Amino acid sequence: MTDGAAPKTWAGQEQDTGEQNPGQQQNSEQEQNTVRAPVRRPWLYHRRLAFGIELLALLPAIAMAFEVAGAPRLQQLDYWSVLLRITNPDGGFRWGGVWNLHNEHPLIVPSFLYWVDAKYFGGDNRMLGYLTVVIAAGTVVLLRHAMPRILPDVLRAGLVVAASALVFSLHGYHNFALGMSGTAWLTANLLVITSLVLAMKRQWLPAWLAGLVACLSYGTAFAVWPALFLIAVLHGEPLWRRLTTLGIGAVVIAEWLHLQSGLESSASAESDGVGTLLHAFVTLLGHLWTGSSAGLAVIAGGAVLCGLLALLTVPAARTRLLWFWWALALYGVLACGMIAAARVDFGNGIGLASRYTSLSVLTSLPLLVIGVTVLFRRAPRNASRLAIAVGVTGLVGFTIGAPTVTAVGTYLDDAPLKAVALRAELDHRFWYGIPRTDRLAPRLEALDHYPFTDDYTIGCGGPELGDRLDVDEMRPMPEIEEDQRRPAGAVDEFETHGDTTLMRGWATGGRSDVRCVLVVDAEGRVTGGGQYHLPRPDVVDLLDWVPSDTGFAVVAPTDPAGRLVVVLEDDWLFWLPTPTTTE
């Protein structure tokens, strides 16, 4: 197809020739999908070169897999309450529990995947993270299949690489490092895209089935039904097929409302108004393109929305080969609207949450593909420039979220503390998302679930929870002296809930490194542990000869007779008294 040819627009209409008969329409559609505008640069159609470029799409997936490898083994947040709901006390799967909504979302498919991980992989958070990487890779494969065939091979390959960079954007690190989150969000997105691809092939029964399974994965998938209806209208499907699409969606929403009735909403009772709702909505659309600034996210979201609306007025953007991308954009916009409406009361910054990145991707990527296709059709000679712009766009979209990796990593730093609390069945109220440990621990033990696995360790290279140390070998920690390079330390702060105390402080071994910090009872039995070698630059200001990683945080049962024991690499033991104030 050459530049300036009349593109096929909505619902089978030619721009200036009127209605076609079915045979002419089919031939026109086939020509649209196969005929390419002439370009003077043959290398743009070099398939081996394009294949080599497409291999670059593996790099973001590999990079994210390495990030997952560095994530903690311990599960986080809502995983625990879901696991309680879907398991029996003996660890068996409880089907009745999967039908309960969680934070207003159906989690039937993710719940089953959680249980499989718990049953066969020790409940390893990283296994769900790797699964999420595979799910995201499958999403990229489907998006590659939907790329417009009118584009040169190299330009299409560039769009595939950009799609991979955005799908695996560091902005969305939360969904990979906390595998339980991505197992819900990205599974739903994959099934939605599968449904749209099947609808474009006019395979409506499997498209409806994929849409239904998507709705069993996460609530944002409800937006797939308007997107499927759009494709049905564009294809000129019979009225019964269009109404069936809407009818299935209506039944899904009706069933959700039935399940939702009687449940308390996770949002607050009062809303901050339409302005806050619009702010959350536009921030969700654009937060992929900013580091941590809500203002820039609003500007970017406005630009994305403006770009999509502007392209709607361009006849070349309404060609059949772009129908899938319009349906995907509609899904993304509606899903952002759903999240904004459901979470607006969580604060103005909710649109910047890392877990919502995939929705921003599903609005920005259609804009990129549609825009590039329109520009190419208008000026094929600029194909090489477009390929470069696409590559840079993908690079920016992937790297701009680097601060998110740091922020999420900081949140995950206390995983060793949580593991000790679970293993020792200590009070759960120090952390959001962990239910009562006395209810959770028996199930974890029955499932051989981390931290109740045989290889669990508190990281001290020997003593574990329940082991005994010789109290006679422990020396009191010497007083702090600035000019004396000897063992020193202190408990700076502590927090108590119920019968459990969380202590933070610092310790140095003087001329010997600190191996770990433990808590023991009066008889020397190890009752607690946690994190060691945390950064404490303030201690360096006090004692200029100490390393910067002298900090520790430990959790243990509240015990006035207990001791906080600093274990040195040369096996010397020094102790500090534990706080005695109770709740």
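Observations
- Flag not set for residue 555, criterion: more than 22 Å from residue 578 (Cβ to Cβ) and either over 32 Å from the mean Cα position of the chain (by Cα) or in a strand (DSSP E or B) (or both).
- Those residues of the range 488-511 which are surrounded by fewer than 22 Cβ atoms within 10 Å (Cβ to Cβ) and not small (Gly, Ala, Ser), in sequence order: 491, 492, 493, 494, 495, 496, 497, 499, 504, 511
- Across the range 176-205, the number of residues qualifying as under 20 Å from residue 334 (Cβ atoms) and among the polar types (S, T, N, Q) comes to 4.
- When 365, 285 are checked against the criterion of being under 18 Å from the mean Cα position of the chain (by Cα), within 17 Å of residue 155 (Cβ to Cβ) and assigned to a helix (DSSP H, G or I), 365 stands alone in meeting it.
- Positions within the range 536-574 being without any contact (Cβ under 8 Å) to a residue 12 or more places away in the chain and surrounded by 14 or more Cβ atoms within 10 Å (Cβ to Cβ), in sequence order: 540
- Residue match in the range 56-66 (condition: of a type outside the set (A, V, I, L, M) and under 26 Å from the mean Cα position of the chain (by Cα)): yes
Residues are listed down the side, and each one gets a yes or a no for (1) aliphatic (A, V, I, L, M); (2) on the phi < 0 side of the Ramachandran plot; (3) at pLDDT below 90; (4) surrounded by fewer than 20 Cβ atoms within 10 Å (Cβ to Cβ):
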position: 322; (1), (2), (3), (4): yes, yes, no, no
position: 327; (1), (2), (3), (4): yes, yes, no, no
position: 336; (1), (2), (3), (4): no, yes, no, no
position: 347; (1), (2), (3), (4): no, no, yes, yes
position: 354; (1), (2), (3), (4): no, yes, yes, no
position: 359; (1), (2), (3), (4): yes, yes, no, no
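- Scanning the range 220-252 for residues that are over 22 Å from residue 341 (Cα atoms), without any contact (Cβ under 8 Å) to a residue 12 or more places away in the chain and either assigned to a helix (DSSP H, G or I) or among the basic types (Lys, Arg) (or both) returns 239, 240, 243, 247.
- Within the range 396-415, the presence of at least one residue that is within 15 Å of residue 77 (Cα to Cα), in contact with a Phe, Trp or Tyr (Cβ under 6 Å, 6 or more places away or on another chain), open to solvent by less than 20 Å² (accessible area, probe 1.4 Å) and at pLDDT 90 or above is confirmed.
- Selection status of residue 485, touching a residue at least 40 places away in the same chain (Cβ under 8 Å) and outside any helix (DSSP H, G or I): yes
The values are calculated or read from the model by the stated rules, or taken from the named source; none is laboratory data. Predicted model only: the values in this text are computed from it and were never measured. Note that we place each Cβ from the backbone using ideal geometry, even for glycine, and neighbour counts take in every protein chain shown. We work out accessible area using only protein heavy atoms, side chains counted, and drop any ligands, DNA or RNA first. Shrake-Rupley method; radii C 1.70, N 1.55, O 1.52, S 1.80 Å.
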